[in-house]
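The values are calculated or read from the model by the stated rules, or taken from the named source; none is laboratory data. As the structure is a computational prediction, the values presented were derived from the model and not from experiment. Methodologically, a virtual Cβ is constructed for each residue, glycine included, from the backbone with ideal geometry; neighbour enumeration extends over all protein chains shown.
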Amino acid sequence: MIESTNLDPESSEPLPWQRALDQLEQLRPAGGSRGPTCWLSTIRSDGRPHLAGVVGHWLDDTLYFVSGPATRKARNLVADQRCSFAISLHDLDLVLDGTAGRVTDPQTLARVARGFSERGWPLEVAGDLVTASFRAPTAPPPPWHLHAFTPTTALGVATAPPSGATRWHFRP
């Protein structure tokens, strides 16, 4: 169930979640000028925020991303799964709040690795990790952990008509 709150006093209707969903489902794990970077914000042990760009793959209402096991973001998520994403989509700036945890289930690893590969970022499963024949410029060499982010709320601001701003709450 999705609850919508219109945040734009000049708009009579909230933006439909489907607008964001259609664009999330088209995410390409390229980053930079070849696709939107997903900016992940995690919480350090002393409470300070940590921000890192990751490539994302949206599948079944979940945003998947990889991380080196010893990276700051991975260590932060082990201590506190609460995190946020900011993504500038084609016609919508989106902030997602929720939690992320490591994926170790073999079937999920295989399905998500296949999804990344189909979108031009070839991943392979290696035990409970994913690996690749390449190295991302800002990441440690593989293998990597696969993480699953589940949003609890989202905020969308339209950057093209129809305009508006909406907060969505996701209820199980």
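For every residue, the table says whether it meets (1) within 22 Å of Gln23 (Cα to Cα); (2) in contact with a Pro (Cβ under 9 Å, 6 or more places away or on another chain); (3) not in a strand (DSSP E or B).
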residue	(1), (2), (3)
Ala113	yes, yes, yes
Val130	no, yes, no
Pro140	no, yes, yes
His145	no, yes, no
Leu155	yes, no, no
Pro161	yes, no, yes
Restricting to the range 61-81, and then to whatever is under 20 Å from Gly156 (Cβ atoms) and out of contact with any Gly (no Cβ under 6 Å at 6 or more places or on another chain), can you tell me which residue is modelled with the highest pLDDT?
Thr62
With respect to Phe170, is the statement that it is surrounded by 14 or more Cβ atoms within 10 Å (Cβ to Cβ), of a type in the set (Phe, Trp, Tyr) and farther than 16 Å from Arg19 by Cβ true?
no
Condition first: loosely packed, with under 14 Cβ neighbours inside 10 Å and either more than 22 Å from Asn76 (Cβ to Cβ) or not polar (S, T, N, Q) (or both). Can you find one or more residues in the range 144-151 that meet it?
no
Hey, any hits in the range 63-84 for a residue that's of a type in the set (Phe, Trp, Tyr), surrounded by 18 or more Cβ atoms within 10 Å (Cβ to Cβ) and at negative phi?
yes
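Per-residue answers, yes or no, for (1) touching a Cys at 6+ places or on another chain (Cβ under 9 Å); (2) modelled with pLDDT of 95 or more; (3) more than 13 Å from Ala154 (Cα to Cα); (4) not polar (S, T, N, Q):
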residue	(1), (2), (3), (4)
Ile2	no, no, no, yes
Glu10	no, no, yes, yes
Glu13	no, no, yes, yes
Ala20	no, yes, no, yes
Gln26	no, no, yes, no
Gly32	no, no, yes, yes
Gly35	no, no, yes, yes
Cys38	no, no, yes, yes
Thr42	yes, yes, yes, no
Taking the criterion of being more than 16 Å from the chain's Cα centre (by Cα), of a type in the set (S, T, N, Q), surrounded by 15 or more Cβ atoms within 10 Å (Cβ to Cβ) and over 21 Å from Ser163 (Cα atoms), would at least one residue in the range 38-46 satisfy it?
no
Any pair with Cβ under 9 angstrom, 6 or more apart, that starts in the range 91-119 at a residue that is more than 24 Å from Ser41 (Cβ to Cβ) and ends at one that is part of a strand (DSSP E or B) and acidic (Asp, Glu):
Ala113/Glu124; Ser117/Glu124
Check the range 132-142 and report whether any residue there is without any contact (Cβ under 8 Å) to a residue 24 or more places away in the chain, over 19 Å from Leu40 (Cα atoms) and aliphatic (A, V, I, L, M).
yes
